[in-house]
Protein chains: 2
Amino acid sequence: VTSPRRIRIGLLGAGVVGQGILELLRDHAGTIAERLGAPIEVRHVVARDPNRVRNDLVPKALLSFDPRVILDDPEVDVVVEVVGGLEPAGTFLRSAIEGGRQVVTANKALLAERGHELITLAEAKRVDLYFEAAVAGGIPIIRVLREALASDRIVALRGIVNGTSNYVLSRMRDAGLAFPDALREAQELGFAEADPTLDVSGGDAAHKLAILATLAYGAQVHLDDVTVEGIDEVTATDVVLARRFGFAIKPLAVARKLASGALDLRVHPALVEETSVLANISGALNAVYVEGAMVGPCLLSGLGAGALPTAMSVVSDIVDVGRNLLTGARGRVPSRAFRGESLEPIQVRDPAEHRTRFYLRIQSQDRPGLLGKIAGVLGAFDVSIEQLVQEGRGGAEDAPITVVMLTHEAPEGAIRGVLRELAFLPQIVGRPKAIRIEEG
Amino acid sequence: VTSPRRIRIGLLGAGVVGQGILELLRDHAGTIAERLGAPIEVRHVVARDPNRVRNDLVPKALLSFDPRVILDDPEVDVVVEVVGGLEPAGTFLRSAIEGGRQVVTANKALLAERGHELITLAEAKRVDLYFEAAVAGGIPIIRVLREALASDRIVALRGIVNGTSNYVLSRMRDAGLAFPDALREAQELGFAEADPTLDVSGGDAAHKLAILATLAYGAQVHLDDVTVEGIDEVTATDVVLARRFGFAIKPLAVARKLASGALDLRVHPALVEETSVLANISGALNAVYVEGAMVGPCLLSGLGAGALPTAMSVVSDIVDVGRNLLTGARGRVPSRAFRGESLEPIQVRDPAEHRTRFYLRIQSQDRPGLLGKIAGVLGAFDVSIEQLVQEGRGGAEDAPITVVMLTHEAPEGAIRGVLRELAFLPQIVGRPKAIRIEEG
C-alpha cells in the first residue's frame, strides 16, 4: 500500500456537528497535520441544504446535496457521516464500506440497530469503522474499551449517558423544579431536542448502552435486550424524599456480566448514594464508570453532547483511521475481537430476577389502616421495609398523603407484583411508583 | 514486513508488576489473543533474583538474571521494562530501540529525565515506545492525550497523580490524623514505599507532570521546569481550617498554557472547593482533569498504582504495539507530533508571577497589636485579606495562637515576601505557611 500524502475526506452532514468538524479542521489544521503525519483535505461536503452552510467554512465548489458524489469519487479515503438516523445513512455507509473506504460515524441509532452488520462487513472488507462520537460525545469511552482496556475483562459499566435526562434531574434537585419545567429549561438552553421523547424515555441511552455492551462483552447486544424506563415519571417529591434518605436520583445505564454468564442490561432512573461520584456528575455532563477485573473502577466524565466535543471526537477518529491509512494498517484493531469473546449466544438475565433495594412511592387517601394494608401487600410478596416516611398528613381534609418506603433487597418481579396489587387498594390515588436503588 | 504469527516478548523485571503481567497474560490469554489477533508468547523473564519468581507463572527455563538474553534473542518482538530507575533500565531500553525492538515501559523516572532522547531515538528507528503505565497506573491518560484528543488543543491539565499523597491528605481530613500517622498508615497498607520521600515531596508527581506536559504541549518539558512543593508541611490544623472555609486540601499537579504562550507547571498541595470533583477523589485514587479547547473539561479517574492496574496498562500497550507489528504499522503514532507543536523553545512562566488566592497560616504568641503588624506586612506587599480566623485564644497563658487568612488574588512573589517578612516579627512561632488555592 502506498501512503497517500494527504487524507481526503467526504463529509455527509453539515448541521452543527458537520460545521463544527469543518471549523476544527480549519482552526487546528497545522497541529492535526503534525499529529497525523499528513494534512486532511475536505473533498466534498454533502448537505441537505447547501445554501445554509457557512461560506467561510467550505468553498462553494465542494458543496453538494447528493451523497453519491462522495461514493463516486475514488479519491475519497475517509467517509465521515454525521447526519444520523437509520436511512439514508445506513445504505450510504454500507456502500462506502463495500467500496473499501475508511468510515467514521457519529450515528448511535444506526450502530445500535445495525452495528453488528456494519462491523462484520467492515471486517470482511478490512476497513476501519470508527465511532467514538456515537456514545457520550467528547468522552473517549469507545477507545478506552477497544484499546486501553484490551487486556482486561469488564465486570460492569455504569453510566450517565443522556445529558438531557441528567440536566433535568439535576435541576429538579438543585432548583426544586418540576419535571416539565426542568425539561422546558433544557430545551430553551439547547440541551434537549425539540422532541425530547427519545431522551427522557431512555431510548437514546439504550442505544448507547447497546453499543457499549457490544464492545465490552464481545456480544451482539440488541436494543430489545435492554430493560428501559424513562425519567418522565420521576416527580419533584421523589427527588426531595430521595435526598432525605441520602440519595440522588440519576439517569443510569448499566451493563454487568453476572456470575451465570448472563448480561444484566438496564436503562432507568436510580437512587445513588449522595456521596458517590455518579451522584455528583451534574448538569448536562455525562460519565461512564468502567469496572475491570484488573484495573478496578475507572471513571470517565465530560460533555456528552454539543457540536464542539462531538466534532473533536469525529476528527480524532479521522486522525486515527488516517494513521492506519498512512501506515497501511487498515483493520488494525480487529472488530471481531469485540464480538467473539464468547461464541455462545448472549444470554440476557430475566429482568424480573434483578435483585436490588427499591424506593416505593404511594399516594393515597389518608384512611385508618392504610399502612397495615400496604404492609400486607408487601408481605405477600416477601418484600420487607427498611424505612418509611409519610408526607402530607394533617393537610386539607381528603388531600392525599404520600407514603414512601425504602425496601430491603427484593427481586424486581416481586416489586412489580406489589405495584400491581397496590393499585387495587381503594384508597390509592394514581399509580404507585418504584425506583431502583443502585449500589456501589 | 511479514506478520509474525505470535507476539514474542522479553520481560525485564519480575517484581509485583512483572508477576502481575505474567498472571494477566496467563489468565486472559484467550481474550488477549482474540483482541490482538495473535497470541502473546513470553520468551524471557529477567529478574534480579530468579528464585523469587513464582513457579506457576513462568517455566524455569525462561528465567534469567541477565538482561542481555533479551537483547541477544532476535526473536523478541517487544521488550517490556518494569524494573524502574534510570540505570540499568535506560541503557537497556536504548539498546532495545537501537536493535529495532518495540518497547513498552512503566518507568516514569526514566521518561521524565530522558524521555525526549528515547522518543527521538524511537522515531529515528521507527519503533513504537509506549508507556501508559508510567503515569497514573490504570488511567489511560497517555492514550487519551495521544489519540482521543489528537485533534484538540489542551488548555490545562489538573490532576491528582500521587496516590500516597492523596491517601495521606484524605485520612488527615476524614479521620483527623496528623501527617506522620496518616503516612504510617499508608505505609502499613502498602500504598507508600518504605521510603516515601519521593511521594510526599512531590518528586514523583513532578515526574508524571513532566511526561504529561510533554505530550499535551508538544514541548520538551524538563523536571526542573516544574515548581515543586511537597505535602509534608500540611498540618492537621490546615486541613480542619481549610474545611471550615469550604475547601479540601489536595495534592495537585497542574500544567497550563498561558495566553503568553508560556507554560505554568506546578506540583503542590492546594485548597480546592469542597464541591469540586477533584475534592471528592479520595483515598489512593488518582484523577486527571484535561481541559481541551473543543472538548471542554474531561475527567479520568481510577487507581493510580498497584500491581494489577499497572500490569493491565502494560499488557494493553503490548496489545497495541503488537497490533502495529501484525499490520506492519510500527511508528504509527508519530511521536514527533508531541514535540513539534511549537518549534520555539518552551517558556516556563516565572513562578513568582503566578497569581492566585492563598491560604496563610501563622503561629504566634498572643500579643497586643499582633494583627496590626501582620496586616502591615501584607499591606507592604499589596496583599489583601479576604477572610481571617484566629484560633486558640483564651488557652493556656503564652500558648501560641494560630492566625489563618484567605487572601485575595496575589502574585506568588508577593506572598513569598510576606512569609519572609513575617518571620522577622518577634511574636511569630515557627515558620508561617502559605498554601495555594486552585480555582475551577
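The values are calculated or read from the model by the stated rules, or taken from the named source; none is laboratory data. What you see is a predicted model; the values in this text were computed from it and never measured. Virtual Cβ from ideal backbone geometry, glycine too; neighbours counted across all protein chains shown. To get the accessible areas, we keep the full protein, side chains included, count just its heavy atoms, and leave off ligands, DNA and RNA. Shrake-Rupley method; radii C 1.70, N 1.55, O 1.52, S 1.80 Å.
Given a 1.4 angstrom probe, I'd like the percentage of the accessible area of segment A:365-440 that is carbon and sulfur, rounded to a whole number.
That fraction is 52 percent.
How charged is the neighbourhood of A:ARG420? Take every other residue with its Cβ under 14 Å from the Cβ of A:ARG420, and add Lys/Arg as +1 and Asp/Glu as -1.
My count for the surroundings of A:ARG420 gives +1.
May I ask which residue of chain B has the beta-carbon nearest to the axis carrying chain B onto chain A, and at what distance in whole Å?
Measuring from each Cβ to the axis, the minimum is at B:ALA329, 2.
Enumerate the amide H contacts of B:GLU386 below 5 Å, restricted to partners 5 or more residues apart or on another chain; note that Pro and chain-start residues carry no placed amide H.
Under 5 Å from the amide H of B:GLU386: B:LEU406, B:THR407, B:HIS408.
Kirkwood hydrodynamic radius for segment A:84-232: how many Å is it when counted over pairs of different Cα atoms?
Mean inverse Cα-Cα distance, inverted, gives 16.6 Å.
Quick one: accessible area per residue over chain B, 1.4 Å probe, rounded to a whole number of Å²?
In whole numbers, chain B has 38 Å² accessible per residue.
Rg/Rh for segment A:151-285: what does it come to with C-alpha atoms and Rh from Kirkwood?
We get a ratio of 0.99 for segment A:151-285.
Starting from the Kirkwood radius over alpha-carbon pairs of segment B:215-264, derive D by Stokes-Einstein at 20 °C in a medium of 1.002 mPa s and give it in µm² s⁻¹.
Diffusion coefficient, whole number: 158 µm²/s.
How many Å² of accessible surface get buried when A and B come together, counting both sides, probe radius 1.4 Å, rounded to the nearest 100?
Result for this pair: about 4900 Å² buried.
How far is the Cα center of segment B:73-114 from the Cα center of segment B:256-297, in Å?
30
Just to make sure I understand: if all protein chains stay in place, what is the order of B:HIS354, B:HIS116 by accessible area at 1.4 Å, largest first?
Sorted by accessible area, descending: B:HIS116, B:HIS354.
Does anything in segment A:270-285 have its amide N under 14 Å from the 7 Å Cα→Cβ label point of A:ALA175, and if so which residues?
Counting backbone N atoms under 14 Å from the label point, the list is A:283-284.
Given H placed 1.01 Å from N in the peptide plane, which residues other than close sequence neighbours of B:ILE7 have an amide H under 5 Å from its amide H?
Amide H neighbours of B:ILE7: B:ILE40, B:GLU41.
Round to a whole number: what % of the accessible area of segment A:84-197 belongs to carbon and sulfur, probe 1.4 Å?
51
Would you kindly work out, in nm and rounded to one decimal, the distances from the label point of B:ASP382 to those of the same position in each other copy, ordered shortest first, with label points 7 Å along Cα-to-Cβ?
Nearest to farthest, the other copies are at 7.6 nm.
Can you give the accessible area of A:LYS125, probe radius 1.4 Å, in Å² rounded to 10?
Ignoring ligands and nucleic acids, A:LYS125 comes out at about 90 Å².
Taking the Cα centre of segment B:236-389 as origin, sum charge times position over the Cβ atoms of Lys and Arg (+1) and Asp and Glu (-1), and report the length of that vector in debye to the nearest 20.
Computed about the Cα centre, the dipole is about 200 debye.
Determine ³J(HN,Hα), in whole Hz, for all residues of segment B:387-395 in sequence, where each value follows from phi through the Karplus function 6.51 cos²θ - 1.76 cosθ + 1.60 and θ = phi - 60°; x replaces Gly and Pro.
Each residue of segment B:387-395 in turn: 9, 9, 10, 10, 10, x, 6, x, x Hz.
Before anything else, pin down the relative contact order of segment A:145-229: Cα pairs under 8 Å, at least 6 apart, normalised by residue count, whole percent.
27
Taking the Cα centre of the protein assembly as shown as origin and charging only Cβ (+1 Lys, Arg; -1 Asp, Glu), how large is the dipole, in debye to the nearest 20?
So the dipole magnitude of the protein assembly as shown works out to roughly 1160 debye.
I need the Debye-formula profile for chain B: one equal scatterer per C-alpha, no solvent, reported as log10 I(q)/I(0) at q = 0.07 1/Å, two decimals.
Reported log10 I(q)/I(0), two decimals: -0.40.
Of A:LYS208, B:LYS108, A:LYS60, which has the most accessible area with a 1.4 Å probe, and how do the rest follow in descending order?
A:LYS60, B:LYS108, A:LYS208
In cubic angstrom, how much convex hull volume per residue do the alpha carbon atoms of the protein assembly as shown span?
That works out to 194 Å³ per residue.
Would you please give the FRET efficiency between B:GLU98 and B:GLU75, computed as 1/(1 + (r/R0)^6) with r the Cβ-Cβ distance and R0 = 22 Å, to the nearest 0.05?
Once the sixth-power term is evaluated, E becomes 0.80.
Binning at 5 Å from 0, report for segment B:247-293 what percent of all alpha-carbon pair distances ends up in each bin.
5, 18, 25, 25, 15, 9, 3, 0
Dividing the Cα convex hull volume of segment B:279-420 by residue count, how many Å³ per residue is that?
Per-residue hull volume (Cα only) is 211 Å³.
Which angle from 0 to 90°, rounded to the nearest 10, does the C-alpha axis of helix B:203-217 make with the longest principal axis of chain B?
70
What is the ratio of the Cα radius of gyration of segment B:1-118 to 2.2 N^0.38 Å, where N is its residue count, to two decimals?
1.04
Which three lengths, in whole Å and largest first, does segment B:357-440 cover when its Cα atoms are put on their principal axes?
Extents along the principal axes: 40, 26, 19 Å.
Among A:LYS208/A:LYS257; B:LYS250/B:LYS433; B:LYS208/B:LYS257; A:LYS373/A:LYS433; A:LYS208/A:LYS250; A:LYS108/A:LYS433, which pairs are too far apart, with a Cα-Cα distance over 19 Å?
Table pairs above 19 Å Cα-Cα are A:LYS108/A:LYS433.
Quote the accessible area belonging to A:GLU23 in square angstrom, nearest 10, computed with a 1.4 Å probe and with ligands, DNA and RNA left uncounted.
Accessible area, nearest 10 Å²: 50 Å².
Relative to the other copies, what are the label-point distances for A:LEU189, with labels 7 Å from Cα along the C-beta vector, expressed in nm at one decimal and sorted shortest first?
3.6
Relative to the Cα centre, what is the charge dipole magnitude of segment B:1-81, using +1 at the beta carbon of each Lys and Arg, -1 at the beta carbon of each Asp and Glu, and rounding to the nearest 20 debye?
100
Explain nothing, just compute: Karplus ³J(HN,Hα) = 6.51 cos²θ - 1.76 cosθ + 1.60, θ = phi - 60°, for every residue of segment B:412-425 in order, whole Hz, x for Gly and Pro.
After applying 6.51 cos²θ - 1.76 cosθ + 1.60, I find 4, x, 5, 5, 4, x, 4, 4, 5, 6, 4, 4, 7, 5 Hz.
In terms of the Cα gyration tensor, with a ≥ b ≥ c the square roots of its eigenvalues, is segment A:154-208 rounded because a/c is under 1.5, prolate because a/b exceeds b/c, or oblate?
Since a/c reaches 1.5 but b/c is at least a/b, the shape of segment A:154-208 is classed as oblate.
To the nearest µm²/s, what D does Stokes-Einstein give for segment B:124-169 at 4 °C and 1.567 mPa s, using the Kirkwood radius over alpha carbon pairs as Rh?
Using the Kirkwood radius from Cα pairs, D works out to 101 µm²/s.
Once the convex hull of the C-alpha atoms of segment B:91-163 is built, how many Å³ does it hold per residue, rounded to a whole number?
For segment B:91-163, the hull spanned by Cα atoms encloses 107 Å³ per residue.
Given a 1.4 Å probe and heavy atoms of the protein chains only, how would you sort B:VAL404, B:VAL277, largest accessible area at the top?
B:VAL277, B:VAL404
Any idea what the A:ASP56 label distances to the other copies are, label 7 Å down the Cα→Cβ vector, nm, shortest first?
Spacings between copies for this position, smallest first, are 6.6 nm.
How far is it, in nm, from the label point at B:ARG416 to the one at A:LEU86 when both lie 7 Å from their Cα along the line to the Cβ?
Once both label points are built, they end up 6.7 nm from each other.
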